[in-house]
Each structure stands twice: as structure tokens, then as C-alpha cells.
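Please treat every number below as a calculation from the coordinates, not as lab data. Quantities reported herein were computed from a predicted structural model and do not represent experimental measurements. Positions of Cβ are backbone-derived with ideal geometry, glycine not excepted, and every protein chain shown enters the neighbour counts.
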Amino acid sequence: MNARASGAPSNAHGGSIAAAILHNLAVSVEEQGKLDEAAALYERSLAARDPRAPEVRPTLVRLGRLHETAGRGEAARELYARALPLAEEELGADHRITQAIRGFLGDPR
């Protein structure tokens, strides 16, 4: 059941407050070095949001970085590939975040 179906309040951009809280909690847990727990929280955050909403981009990238750190490069690239069009649409092709995501994908453009 996603956050909307459960009655959790949602914000105006296709995500839910619960998803944002899960993302923020994941960041905190990640900073404590609990990478598996953080990855699970990032996954829960993604599951509670519209996958096309710009708000999922940071979660996709952070989860991708965790996968990359754990040696799961293909899983990381899949997440970066999902994040790139969101960054291009929201921030523009020349924005530093968009360029960083391209770099994570091995695209030096």
C-alpha cells in the first residue's frame, strides 16, 4: 500500500510527506554508516512516490551511490538512468547536478 492509499498527506508534486520523511531518515541512517538500512528506507521512499515526480531524483541518486559503493554497478546505473531525465527536465542539461548524474553514467557530455 502506498502512502496515498493509506491516507497519508501528500504534497503538490506527486510525492507524499511520508516519502519525504523516509528519504530524510534514510540520509540520516546512511550518515551513521547503516547502508543496508538506508537502502531499504530509500526504496520505501521511492515506492511511496510517483516515479515521474522530480522529487524522486535525489532518492534515485543517493540509492544509486549506495549500490555503487556496494559493488552493484548495474543497479546503480539503472537508478542514474531514471534520475537523468528528471534532472534534465527540472534543472536543465547544463546544471551541475545533471552533469554529475551524467558522469555517474559514464557520459562525459
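What to note about this one:
- Within the stretch 17-34, residues that are buried (at least 16 other Cβ atoms within 10 Å of the Cβ) reach partners that are of a type in the set (Ser, Thr, Tyr) and assigned to a helix (DSSP H, G or I) with beta carbons closer than 6 Å, at six or more positions or on different chains, in the pairs 19/45; 22/45; 23/45; 23/59; 26/42.
- Residue 48 passes every criterion in (1) out of contact with any strand residue (DSSP E or B) (no Cβ under 9 Å at 6 or more places or on another chain); (2) of a type in the set (A, V, I, L, M, F, W, C); (3) crowded, with 19+ Cβ neighbours inside 10 Å apart from (1).
- Per-region count, the stretch 39-67, residues part of a helix (DSSP H, G or I) and under 20 Å from residue 97 (Cβ atoms): 15
- Options 55, 89: the member that is more than 15 Å from the chain's Cα centre (by Cα) and without any contact (Cβ under 8 Å) to a residue 60 or more places away in the chain: 89
- Taken over the stretch 40-51, the residue count meeting the criterion of being over 10 Å from the mean Cα position of the chain (by Cα) and either among the hydrophobic types (A, V, I, L, M, F, W, C) or over 14 Å from residue 19 (Cα atoms) (or both) is 4.
- Whichever residue in the stretch 68-102 is part of a loop (DSSP other than H, G, I, E, B) and of a type in the set (A, V, I, L, M, F, W, C) and, among such residues, is nearest to residue 30 (Cα to Cα): 70
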